[in-house]
Amino acid sequence: MSALEPRDAEVTAALVETTVEEPAEGLLGRTYRALSIGIVSVVLLIAFEATAVGTAMPVAARELHGIPLYAFAFSAYFTTSLFAMVLSGQWADRRGPLAPLATGIGAFGAGLLLSGTAGNMWTFILGRAVQGIGGGLVIVALYVVIGRAYPERIRPSIMAAFSAAWIVPSVVGPLASGTVTEHLGWRWVFVGIPVLILLPLGLALPAIRRMAGGPTDASAAAEPFDMRRLRLALGISAGAGLLQYAGQELRWLSLLPALAGAALLVPAVRGLLPRGTMRAARGLPAVILLRGIAAGSFIVAESFVPLMLVTQRGLSPTLAGLSLAAGGLTWALGSYVLARPRLEPHKGALMVVGMVLVALAIVAAPSVLIEAVPAWTLAVVWAVGCFGMGIVIASTSVLLLKLSAPEEAGANSAALQISDGLSNVLLLAAGGAAFAALGGGAVGSAAHGAATAGGGAAAAHPGAFTVVFLPMAAVAAVGVWVATRVRTTS
């Protein structure tokens, strides 16, 4: 049975004809043009939000007196997205990806508005949590669209297009966000982005409705939602949130929410991820584990880069954000390299090389804590790491769809994203706890109070950042070994 089962029989026939008789048609061919432009526009919005909000985050946390809760601003997004991913996977498999995608984009915008109007850090974090629900719904639905609407030969190209969609936001996002933050205030960064939602909605939703909008078998009755998996998803979100809270409080009483979180998390992870994931069994389990290791280690480290540059080296939010700009280009380049057909026999080795580059970038990043090291060094280091991430993330996405049956694409995509999001939450909890324990809150206060003194006071706390970056580098190093196990054959 074909992986593509849209409701419109004429569209189905056209796609089959295209796949069989016109194998040269690509992403922008007559059949796929509208869909490709639409879903890449959705990714463009997500990319712009990530780069712009990341630049404004240190200023927002400082103004809301929330530097000690800085990690929560990121982990809240990932925590709620865990439940949304499972819900989206079931929703898309049973009813089609259109509804979860539209709902997710709406929640994404609502969360941005809530954070942008927040009067304190906890309200800001709540907005990030709402945004995470939207992000979780959207990302899994997009994977289902790709699995249904595109033949296998085109999927590496659409993944490369997703990465390419980050290039302009990576350059324009930090500059625009930094300028707005410095001249108008950080709130305008959050409340302004939802306006951009109208473009992806107008482009993507009609094309998805035509090509991949319905269930895989339109003639069959819709299966009920698997309530057991939804309960496990709630457990994984609640458990991750409790662990994050315990890590930030740093009191003996915090052991209670930590134990409760672990009790919820362990059975939920075992029930939602494929058997063998935690031991990196070859094939799909290793692919899912690698995604979590790569994304978690790199994103956690990247979350602290702007804060480190602002508080330790005295850079403006604009310059701190621009230090990550080149990464968008090299990330896309890594995905482009992976998409080359002639490199198919070497993709396993490329994934190992990609993880090596990620580990090296993370371990080298805190070198800018040394005053003698130019701040621009971090931009070069991060560009190298992003090239490795482009290879690894595109690889795991393509392999996931290749190893999934059509009716399992949503569930397996959800598992991939759960691994991604859960690793972010757990590693942010660990990194945030270490950051706070070694004076992370004092770092922000010192930087704020010493702004006119060139940030010298903040430089007395380099250990608060070192204990975030070095453990993440060790996690990425484990990913090098896991990358050797994603292929079912040697």
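The values are calculated or read from the model by the stated rules, or taken from the named source; none is laboratory data. In this text the structure is predicted, and so the values were computed from the model without any measurement. We place every Cβ from the backbone using ideal geometry, glycine too, and count neighbours over all the protein chains shown. Surface accessibility is based on the protein's heavy atoms, side chains included, excluding ligands, DNA and RNA. Shrake-Rupley method; radii C 1.70, N 1.55, O 1.52, S 1.80 Å.
Report, to the nearest whole %, how much of the accessible area of segment 216-351 belongs to carbon and sulfur atoms, 1.4 Å probe, protein only.
66
Between R251 and L198, what FRET efficiency follows from the Cβ-Cβ distance if R0 is 41 Å, with the result rounded to 0.05?
In this case the efficiency is close to 0.35.
When the chain is fully extended, how far beyond the present Cα-Cα distance does V373 get from A99, taking 0.36 nm per residue of separation?
Contour length minus the Cα-Cα distance gives 93.6 nm.
Can you check what the net charge comes to around R485, using other residues whose Cβ is under 10 Å from the Cβ of R485 (Lys, Arg +1; Asp, Glu -1)? Before the final figure, lay out each step's value.
Working: positive: R279, R282, R487; negative: none.
So the environment of R485 carries a net charge of +3.
At V191 and T123, where each label point lies 7 Å from the Cα along Cα→Cβ, what is the point-to-point distance in nanometres?
1.2
So for each of 275-285, 304-314 I average, over its residues, the number of other beta carbons within 10 Å; can you give me the resulting order with the highest mean first?
304-314, 275-285
For segment 82-118 and segment 400-434, what is the separation of their Cα centres, given in Å?
16
Give the accessible surface of segment 73-157 per residue, rounded to a whole number of Å², with probe radius 1.4 Å and ligands, DNA and RNA excluded.
The answer is 25 Å² per residue.
For segment 86-157, which whole percent of the accessible surface, found with a 1.4 angstrom probe, sits on carbon and sulfur atoms?
Here carbon and sulfur together make up 68 percent of the probe-accessible area.
Under a point spin-label approximation (7 Å from Cα along Cα-to-Cβ), what is the A260-E182 distance to one decimal in nm?
Between A260 and E182, the label points sit 4.5 nm apart.
Please list 49-55, 366-372, 341-347 highest first by mean number of surrounding beta-carbon atoms within 10 Å per residue.
So the peptides 49-55, 366-372, 341-347, ranked by packing, come out 49-55, 366-372, 341-347.
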